[in-house]
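One structure is given here, and the rest of the page talks about it.
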Amino acid sequence: MRVGFLVTCLVDLMRPRIGFAAIKLLEAGGAEVYVPPTQTCCGQPAYNSGDRADALALARKLVAEFEGCDYLVAPSGSCSGMIRKHYAELCKDDAALLARAEALAARSYELTDFLVRVLKLPSVPGTFTGTITYHDSCAGLREMGVKTQPRKLLATMPGVTLREMNDAETCCGFGGTFSLKYGEISTAMVDSKCWNISDSGAGTVVLGDLGCMLNIEGRLRRHGDNTTRVLHVAEVLSGSTED
C-alpha cells in the first residue's frame, strides 16, 4: 500500500516533528510512505481568501503529485478537508482535472481516520503517561467526520487517561484567516477554550490540527500558563513528545 503523505505547510514550517510522528504511525501500520519532494500547499488559504486562480494552480499541482498513490493522508483535518470537500468546486470548469481531483479526493484521509478505518491499527508504537483532554478541530470534525477515531487510538495507550473538557467541539477561534480578520472575536473564542482546558484538570491538551495548536498554546502562554502541554495527536500516539 503506497500512501502519499501531505506534510502540510504549517507542519513543515512550524513543527516538523509532527510529520515524522505521522510517518512513524503509518509505517507501523504497514504502509509504504511516499512524500512528494515538490509538494507545497493544498491551496486552502488562497481558496478561503477568494483567490481562486492561485488555489486552482496549487490544486492542479497537488493532484499531479499524489494521484499515483493508493491513498493521500494528512495530519490535518483542515488540509484533508480541503481536498475531500472543496477540490470538486474549485476544479468544476475543467472536466479532465475535475475527474482526477474527485478520484484523489475519494482516497484522501485525515491521519487518525486512516489509521482506524483503513490500516485498522490495533495498537500504537508510542507510550505516554498522564491525563489529557481532547479538542475537536472544526474541519476534522465537521468536514472529515473525525471524532471517535483519535479517542479510540488514545484508548489503546495504558498510561493515558482521557478527561473530556466542556464544549470540546466548539471552535478555538483560529479558523485560518478568521483569526486575522476578526481578531477580537477570535481572542474571545480561544479564551473560552483555554478556560475549558484549565477546568478539565488535564495536564495536556491533544488535537489534530497545528493551526489550532498554535492558537491555543499561544493564548495559554499569554495567560501565564506555562505548564499545560499542547500536543498533536500524532506526537502522543507515536511517542514523539520530547522537546
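The values are calculated or read from the model by the stated rules, or taken from the named source; none is laboratory data. These figures come from a predicted structure and were not determined experimentally. Using ideal geometry, Cβ is built from the backbone for each residue, glycine included, and neighbour counts are taken over all protein chains shown. In case anyone asks, the SASA skips ligands and DNA or RNA and just uses the protein heavy atoms, side chains included. Shrake-Rupley method; radii C 1.70, N 1.55, O 1.52, S 1.80 Å.
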Original post:
Which angle between 0 and 90 degrees, to the nearest 10, do you get for helix 210-222 versus the longest principal axis of the chain when only C-alpha atoms count?
Top reply: 30 degrees
Original post:
Can you list the lysines whose alpha carbon sits under 18 Å from that of K120, skipping same-chain ones fewer than 8 residues off?
Top reply: K24, K147, K152
Original post:
Where only protein heavy atoms count, and the probe is 1.4 Å, what is the accessible area per residue for the chain in Å²?
Top reply: 44 Å²
Original post:
Only one of the listed values, (1) 39, 22, 16; (2) 31, 20, 17; (3) 29, 22, 14, was derived from the coordinates as semi-axes √(5λ) of the Cα gyration tensor in Å; which label is it?
Top reply: (3)
**OP:** Could you check how much of the accessible area of the chain is carbon and sulfur, as a whole percent, using a 1.4 Å probe?
**Re:** 53 percent
Subject >> Potential extension, S49-K181 segment - 0.36 nm per residue separation minus Cα distance >> reply: 46.5 nm
Original post:
Once fully extended, how much extra length lies between R117 and S192, figured as 0.36 nm per residue of separation less the alpha-carbon to alpha-carbon distance?
Top reply: 23.7 nm
Original post:
How far apart, in nm, are two points set 7 Å out from the Cα along the Cα-to-Cβ line at K152 and at R221?
Top reply: 3.5 nm
**OP:** Consider all pairwise Cα distances in the stretch 31-167 and report the whole-number % of them above 22 Å.
**Re:** 44 percent
Original post:
Against the longest principal axis of the chain, how steep is helix 52-66, in degrees 0 to 90 to the nearest 10, with axes from Cα atoms?
Top reply: 90 degrees
Original post:
Any idea how far apart R142 and N166 come out in nm if each label point goes 7 Å out from Cα toward Cβ?
Top reply: 2.2 nm
Original post:
To the nearest 10 Å², what's Y182's accessible area with a 1.4 Å probe?
Top reply: 120 Å²
Subject >> the chain: angle of helix 95-105 to the longest principal axis, Cα-based, in degrees nearest 10 >> reply: 30 degrees
Original post:
Of S198, S78, which has the most accessible area with a 1.4 Å probe, and how do the rest follow in descending order?
Top reply: S198, S78
